[in-house]
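> First, the structure itself, so that you have it in front of you.
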Amino acid sequence: MRTYHKILILVLVLSIGLVFPVYGETVKKLTTGDIIALQNQWGHGIVTIGKVFQAGGDYTTAAREMIAKMYGYDDGPVLFKPTKAAADQFRETADQALSYFVGGRVPEDHGFALQPWSEVRFENHDVAIQNNMAVAMGNYYFTDANTGDVIKVEYTLGIKRCEDDRPVIFLHHSSLPFQPGH
């Protein structure tokens with residue numbers, strides 16, 4: 001094959017975004033199933049933290065374990081902008097995330113996961129997957145365990161495979177829907 005053809009093929013491959021693993025490495029792509037499983041685990045984690053709190057158990061440990069399993073704080077930066085955060089909008093560390101979920105470190109945090117919630121349901125608008133990274137965007141619905149009221153929240157999740165091959169959240173932004181006149 002002529003050099004010109006080799007260069008043309010290389011340019012075509014690069015321009016359409018094909019990525020080849022380095023010799024000896026394998027790239028395990030994320031799937032929509034991985035994303036849905038992670039979302040279900042996250043929702044279950046939030047519900048569990050509230051149940052442990054209601055039962056008088058060690059809800060802080062439950063939250064710490066959920067954060068360690070679901071978020072990539074040990075694998076690089078995590079961009080976390082929780083819903084009910086105003087004075088300290090971002091949670092750069094696992095301890096700050098813990099404060100948001102169970103209260104304590106950040107003064108405005110009252111323990112979002114302590115509500116308690118009986119169900120968290122994700123409704124993806126779309127999921128964009130690029131090899132071992134994905135972004136999911138949509139709404140999630142939190143059902144208040146005491147009243148049965150459902151709260152709709154908008155979210156964006158960035159998910160990647162961490163070094164031990166688990167899908168983890170590296171981007172989490174959520175907000176209440178816009179309300180005209182407010």
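> I need the trypsin sites (Lys or Arg not before Pro) found in region 78-165, filtered to DSSP loop residues with at most 15 other beta carbons within 10 Å of theirs.
Here the sparse-neighbourhood loop sites are LYS84, ARG105.
> Here's another thing I want to ask about it. Using Cα pairs closer than 8 Å and at least 6 residues apart in sequence, work out the relative contact order for region 98-182, in percent.
19 percent.
> Related question: Would you list which aspartates and glutamates come within 19 Å of LYS51, measuring only between C-alpha atoms, while excluding same-chain residues fewer than 8 positions from it?
Filter leaves GLU65, ASP109, GLU119, ASP144, ASP149.
> Could I ask something else about it? How much length, in nm to one decimal, is gained on full extension between HIS173 and THR147, taken as 0.36 nm per residue of separation minus their Cα-Cα distance?
Extra length available between HIS173 and THR147 comes to 6.8 nm.
> 5 Å is the cut-off here: which amide hydrogens, built 1.01 Å from N in the peptide plane, fall below it relative to GLY103, excluding neighbours closer than 5 in sequence?
Residues meeting the criterion, in which the H sits 1.01 Å from N, are GLY111, PHE112.
> Still on this model: Using modelled amide H (1.01 Å from N, peptide plane; none on Pro or chain starts), what sits under 5 Å from the amide H of HIS172, excluding residues fewer than 5 places away?
Residues meeting the criterion, in which the H sits 1.01 Å from N, are LEU79, PHE80, LYS81, GLY158.
> If I model a spin label as a point 7 Å beyond the Cα along the Cα-Cβ vector, how far apart are those points for SER118 and ASN139 in nm?
If labels sit at SER118 and ASN139, their model points lie 2.0 nm apart.
> Still on this structure, I have one more. Once the piece of chain linking GLU65 and ASP126 is laid out straight, how much longer is it, given 0.36 nm per residue of separation minus the C-alpha distance between them?
Once the chain is fully extended between GLU65 and ASP126, it gains 19.1 nm.
> Through the Karplus equation 6.51 cos²θ - 1.76 cosθ + 1.60, θ set to phi - 60°, convert the phi angles of region 96-104 into ³J(HN,Hα) values in whole Hz; use x for Gly and Pro.
Each residue's phi maps through the Karplus curve to give 5, 5, 4, 4, 4, 6, 10, x, x Hz.
> Can you compute the label reach from LYS28? Point 7 Å from Cα along the Cβ direction, backbone N cut-off under 19 Å, restricted to region 54-93.
68-76
> Around TRP117, which amide H atoms from residues at least 5 apart in sequence, or from another chain, sit under 5 Å from its own amide H, with H modelled in the peptide plane?
Result for TRP117 returns GLY50, ALA145.
> Sequence gap at least 6, Cα distance under 8 Å: using those rules, report the relative contact order of region 25-122 to the nearest whole percent.
30 percent
> Assuming R0 = 25 Å, what is the FRET efficiency of GLN54 and LEU79, from their Cβ-Cβ distance, to the nearest 0.05?
FRET efficiency, GLN54 to LEU79: 0.20.
Coordinate-derived values only; no laboratory data. These numbers come from a predicted model, not from an experiment. A quick note on method: Cβ atoms are made from the backbone with ideal geometry, for glycine too, and the neighbour counts reach across all protein chains shown.
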